[in-house]
Structures are given as structure tokens and as C-alpha cells.
Amino acid sequence: MSKIAPDHLARAAFVYVRQSTAYQVANNLESQRRRCALVERARQLGWNDVQLIDDDLGKSGGGTVRPGFQKLLAAICEGRVGAVVSLEASRLARNGRDWHTLLEFCGLVGTLIVDEDAAYDPRSPNDRLLLGMKGTMSEMELSVFRQRSIEAMRQKARRGELHLTVAVGYLKTDDDRIEKDPDRRVQDGILLVFRKFAELQSVRQVLLWFRQENVLVPAIMQGRGNRPIEWKTPVYHTLYHVLTNPVYAGSYAYGRRGTRVTIEGGRKRIMRDNLRRNWKDWQVLIHDHHEGYISWAEFERNQHLIADNANGKSYMGRGSVRRGEALLPGLFRCARCGRRLHIQYTGKGGNTQRYICRGAFSAKAADNCIGFGGMRVDRHVAQEVLDRLQPLGIEAALAAMEAQTERQGDKRQQIENAIQQAQYEAARARRQYDAVDPDNRMVAGELERRWNEKLLQLRDLEMQLQQFNRAKETPALSAEDHAKLMTLGKDLVKAWNSQGASIETRKKIIRLLIEEIVVDVVGDTLALVIHWQGGDHTEMTVKKNKVGQTRWTVAADVVDLVRVLARQLPDYAIAAILNRSGKLTGRGAAWTRAHVCGLRNTNDIPVYREGERVERGEITLDEAADVLQVSRATVYRLITSGVLPAQQLCPGAPLIIRHDDVQQDGVRREAEARRRRRPRSQNQLQKLLDL
């Protein structure tokens, strides 16, 4: 008895097709022909309205979200589906949840399930049992397939013969091995990435160098089969992949990433874990598997440096070298809570730095553990580093010369390799053009265009090499520069403080020697324990700045001088005296009335009040000359000869004379005697010159 009733034929027949991967969609063409046969089978069974659902081509049926399957379930619930037509049960679902949901919905609304063998009614107990077994077998089949394939891949990986992809710089042989790409330009491009990272110690800095110097790196074009090499400007991910791939260290690795399954919206979601940095967690690791570009020890150092450069990503990480005047950010660790100290830049232009341990401030709103200014501790630690480096000063100078030459050689080598490659491609394009019949203009014209493009590329590269050679006509280091560099090598402190030494260079030197510094605030001092890279450690104490004392603080002797001058002169006169005596502000500027006023207000020095000198019984040089009725020069000679006591705070400051001292008899007699000894002119009209 036929299970297809008029009620089923009155509704539409939905043909559901699915293939698990995009590769199957593109290459398994026989399945496409069977799909067309399903539509014809539905029409032969009596359905006039046949709808095709192919939204899930390239989607797995193992439990992931499938838009086409959801559309099918929605149509069934709406009562528009009379039959669901598919090749087999595995095409509809590969997991029990989707399969039994489909059976439940079809049984409720009376929808048939049709495959190539027969038609099934989910409301019938026998058909329901048979469909349940088909679904279970389909799910079991997928599990067996997956288990077999995964175990086969693991077994092949344990032998080091599983190569799903081959990194740029390597080629796969016919016997499932990998070997270096024989193209010398490709090898030099890969080696240059590792050399620049060893020099700059940051992936981003390597990226900036490549893009600023317009140096290209090799990359494999996307696709299957024999994928050619293309040269392009690098991006961050390209360089990061080269530096973190153990294949370049001559090691075979499998299982560097894991997978985990989560439930989202009632569906499973397979997520790939982040890269496992600890190589002990990898499933397979075979050292000396093939010829590498670097050693395994250098690869481990690179991974440690990359992980250490991650700012804010690791509890123990130091972070990369960043901008700022502070020398030790990322190296300080709090002795109280073990956290890394942060750097804060304050003041105008960020010219004041301060190291702070936030402790449990974020989690518990607690106070900061410790905090201190960075200027003094930076100087002391830098001096400790220089004391250890001083014997190596000459070697560092020679290394700097070699580095300058090596940087120029790297770029020249890349240009020459590109020219050789362009010459080969131009010659190959010419041979292709010569081999074609000239009368076949459709082909000859295209080959001629390709030849011209290769010639233009070759010309551009040759011009780039000429420009580079012209730039090198001036030697990188003249004889004078060579002598200066050797002198700086002998005096490492002078080299450290020279203008050519950037703050980034100083930070890199310190990080090469120091692993971390454990610091604690003990009273008015900082207790430091410097952990050197070799395992040694040094204890030292640094005096902590008092509150309000910074490198911009005015010297104490200047403050004392202003305190005394403020009792004699107004602010503008004090500023003139300080400038004449060579005194500077805390920031090295000349004094103005506003500077003197600000200094007085900061140090609670009262302003000069007119007449307060008279109240204290003090007079100036001019006032003393008026009292004694002599010239200023005569009063000055009285002071220098010791007859009249006077006080001068600094060169350029006014002489302060006590009024009582001027009234002494001895001073008056000496002044009268000097006035009488002064020769007078016979001309009655000549006036005295008041000096």
C-alpha cells in the first residue's frame, strides 16, 4: 500500500541537499548529478511543487548551525511540506539532536521522508524505528570516520610525515619530506627577518623597518597544488608567523593548537585555542627533522622575547620597549605584592615620571602599594649598568661599526636578489615571445606586453640599486667619526650621555643585562635588588626624593639668597641681580619678576616693603655718601680698606651698610681727611663730578 496520500501531494516536496566541505562541492560532481535525479524522482512520485534547499552546501552535518536545515524545519512546522526528499539519512543530519528533531516535527504534521530506496512515515512505529536506526548508524558512521582519520593523521605526524601546509621557504618532496627552497632570494628573505628581529627585538619594529626600507618578503599564493611564490610588502601577521613557526628551527611540530567545544544557542561550536607557547604541551615535536634557518636555542629566545613584549598580557611580562624618558619601565617588581610597577608621566609635556604599584587598587579599591619618582633611581641603576659594561666599551664601539655596515649590506643583498629574479623572468618572457608565431598577433601581442612589464620591473630595480650605490659613495663612517666612536668606547659614560644615544637604545642595553628589579620603599630610601640575566643579583639603596623635590627645584643657595635680597629690594631688582650673578631657574631659564614672585610664594618669603630698611637701620652706598658728604667712590674705598663695615650677599648685589657704623667718629674723621686731600681746580666755575 502506497504511503503517499493526496494530502501529501497537495503540499510541496522539499529536496534537501548537502555536502560537507567546499572541496566536495567543487570536485565531487557525481553528487550534483544525483541531486538533479532527486528532483526528478519527486516529480515521478506525483509532486508538482518541488522546492530545492541547497543552502548547506559546504556545511558539516555534525551539529553546527545550518541555515538550510533551519529553513526546512520552519517550513515543516508551517505545514507546507508534504515530503522531505534526500539521498540518505546522513545528508539530513549527522547528529542525534537534529535527526530526532526532524522526525518529531514530521510526525506531528504528517510529513513523509523519502530517500532513494523508499518513503517513510514517521507516524508509523515500524518506520519510526527504522528511521531511528538509520540516524544512529549515520551518526556512528561519522564518529568512526572521524576517529580513523584523526588517528591516521596522528600516526603520520609521529613519523614527521604529515604536512598539511608547507611554510614559505620550504618545499615538499615526493617522499613526504620538506627541504629548503633552492631559491637563494627566498632564503635570504627569510634569514633577513630573523636578523632584524635579533637586532630590533620587536616584531613591530621589524615591520616598520621592512616597510620604511621598502624591502619585500616572500609569500605563498593562496590555492591548492603547486603554489608559486609572490613578493609583497609584509604585514604584522606575516612576520609573526615566520618568527613563531618552529619549522624554521629545523623542528617538526604537530598539535600546537587545541580545539574545544562550547554550547551556544543549543548548538555546539568548535573553537580553536590560542597558540600553545610551551612546546611541552604540543602533541608531536621532532628536533633536527630537517635543515633549519635558525637553531632551536635561538627559536626559544625569540619566543621568550615575543611573549615578554606583550604589554598587559602577562603577569610576569616586562612589556616591549615603548616611548618615554623613563629607562626602567617593565623591570620593577613590587617587593610587597609581586606585581609589576607601572610608569606614569605627569607635568607639562610628561617631563616627570613616577613608578607606581597599583596593588589591589582595581580589584579591591585599596591604596597603591608603593610609588616613587623615577629620575634618581634611573640614574643610579644606569650607572650600575655602565660600571659593568665599561670593560666592554671598545668591543661595543667595534660592534656598532659592524652593525652599520651590516645594515647597508642587508638592503643591498635584497635588491641584488630581486634584480637576478627580474632578469630571469625577463629572459623567460623573451623566450616565450620568440617561440610564438609572429603572425598570431592575439598571442604575440599578449606575450610582448608581458615582456615589456618584466623589462620595466627590471629597470626600476636597477635604478633603485644605482640610487643605493650613490648614497653609499659617502662612507658610512669617516675617519673622524671612527676616531670619535673609539673615544666613546673608552669613555662609556660619555657615550651613554651623548646626543646620538637614543632613549630606546639605552632601554635595550639595560634589558639585555637586567632581568628584573625588586623594589621596596623603606623610610626615605628605596631598597633595590637587581637580578641580572646571568643569575647574579646586586643589592643597593637609593635615597628617595622628598615631597616637592624634583629635578626642577631651585637650588637651596638661590632660595637663601632671594630670602635675604627680598628684605632689601623689590622683585624686578632681585631678578636683575640673579641674572648678573649667573644664577638660573630650576629649568635653566633666566630670572624674571614673575619667577622671583613665584619662588617667594612657594617658600613663604614676604615681599619687600618700602621703608623697611630704614626701620632696620640699614642704608645703601649712595645714602652713606650723602651722610658723609663724600663721593660713592670714596665710600667704596672706605669699605675696601676696612674702615667702614659693609655686607654684599653676592656679586652684583647692593652693599648693605649699618647707619650706626657710618656715624662712628673714626669713619667720619677718615671721610673728612679724604675729602680735604682731594685736589681742587683753580677754575671757580668748574663743578664737582658726582661719581
Tabulated pairs, segment 93-106, first under 12 Å from Thr136 (Cα atoms) and open to solvent by less than 10 Å² (accessible area, probe 1.4 Å), second of a type in the set (A, V, I, L, M) and in a helix (DSSP H, G or I), C-beta under 8 angstrom, 6+ apart or interchain: Ala93/Leu102; Asp98/Leu92; Trp99/Ala89; Trp99/Leu92
Considering every residue within segment 253-260, establish whether at least one is within 22 Å of Arg272 (Cβ to Cβ) and touching a Gly at 6+ places or on another chain (Cβ under 9 Å). yes
Please specify each residue of segment 536-547 satisfying the condition of being open to solvent by 60 Å² or more (accessible area, probe 1.4 Å) and either more than 17 Å from Leu386 (Cβ to Cβ) or at pLDDT 90 or above (or both). His537, Glu539, Thr541, Lys543, Lys546, Val547
Filtering segment 45-80 down to residues that are among the aliphatic types (A, V, I, L, M), under 23 Å from Gly135 (Cβ atoms), in contact with a helix residue (DSSP H, G or I) (Cβ under 9 Å, 6 or more places away or on another chain) and open to solvent by less than 40 Å² (accessible area, probe 1.4 Å) yields Ile53, Leu72, Leu73, Ile76
Determine if segment 5-24 includes at least one residue that is over 19 Å from Ser60 (Cβ atoms), assigned to a helix (DSSP H, G or I) and either modelled with pLDDT under 80 or of a type in the set (D, E, K, R) (or both). yes
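Taking into account only those residues within segment 493-514 that are free of Cβ contacts under 8 Å to residues at least 60 places away in the same chain and within 17 Å of Gln383 (Cα to Cα), which is farthest from the chain's Cα centre (by Cα)?
Lys494
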Meets criteria (among the small types (Gly, Ala, Ser), crowded, with 16+ Cβ neighbours inside 10 Å and either assigned to a helix (DSSP H, G or I) or modelled with pLDDT of 80 or more (or both)) for Gly393: yes
Give the residues of segment 550-603 that are within 45 Å of the chain's Cα centre (by Cα), aromatic (Phe, Trp, Tyr) and modelled with pLDDT of 80 or more, sorted by residue number. Trp591
Within segment 333-374, restricting attention to residues that are exposed (fewer than 13 other Cβ atoms within 10 Å of the Cβ) and of a type in the set (A, V, I, L, M), which residue is modelled with the highest pLDDT? Ala366
Qualifying residues in segment 104-157 (those that are part of a helix (DSSP H, G or I) and hydroxyl-bearing (Ser, Thr, Tyr)) - the one farthest from the chain's Cα centre (by Cα): Thr136
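Listed here are the residues, each with its yes/no results for (1) over 29 Å from Glu325 (Cβ atoms); (2) open to solvent by less than 70 Å² (accessible area, probe 1.4 Å); (3) in contact (Cβ under 8 Å) with a residue 24 or more places away in the chain.
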{"position": "Val559", "(1), (2), (3)": "no, yes, yes"}
{"position": "Val564", "(1), (2), (3)": "yes, yes, yes"}
{"position": "Gln568", "(1), (2), (3)": "yes, yes, yes"}
{"position": "Ser581", "(1), (2), (3)": "yes, yes, yes"}
{"position": "Thr592", "(1), (2), (3)": "no, yes, no"}
Count - residues of segment 158-191 that are of a type in the set (Ser, Thr, Tyr) and modelled with pLDDT of 90 or more: 1
State all residues of segment 192-237 that are within 26 Å of Glu504 (Cα to Cα), open to solvent by 60 Å² or more (accessible area, probe 1.4 Å) and at pLDDT below 85; if no residue qualifies, say none. Glu199
Just a yes or no: is a residue in segment 625-633 assigned to a loop (DSSP other than H, G, I, E, B) and closer than 30 Å to Gly373 by Cα? no
For segment 184-218, name all the residues that are within 15 Å of Leu243 (Cβ to Cβ) and not in a helix (DSSP H, G or I). Gln201, Ser202, Val217, Pro218
Can you tell me how many residues within segment 17-44 are within 19 Å of Leu142 (Cα to Cα) and either in contact (Cβ under 8 Å) with a residue 40 or more places away in the chain or open to solvent by less than 70 Å² (accessible area, probe 1.4 Å) (or both)? 9
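The values are calculated or read from the model by the stated rules, or taken from the named source; none is laboratory data. Worth saying up front: this structure is predicted, and the values here are computed from it rather than measured. When we count neighbours, we look across all protein chains shown, and the Cβ atoms used for this are built from the backbone with ideal geometry, even at glycine. These area figures cover heavy atoms from the full protein model, side chains too; ligands, DNA and RNA do not enter into them. Shrake-Rupley method; radii C 1.70, N 1.55, O 1.52, S 1.80 Å.
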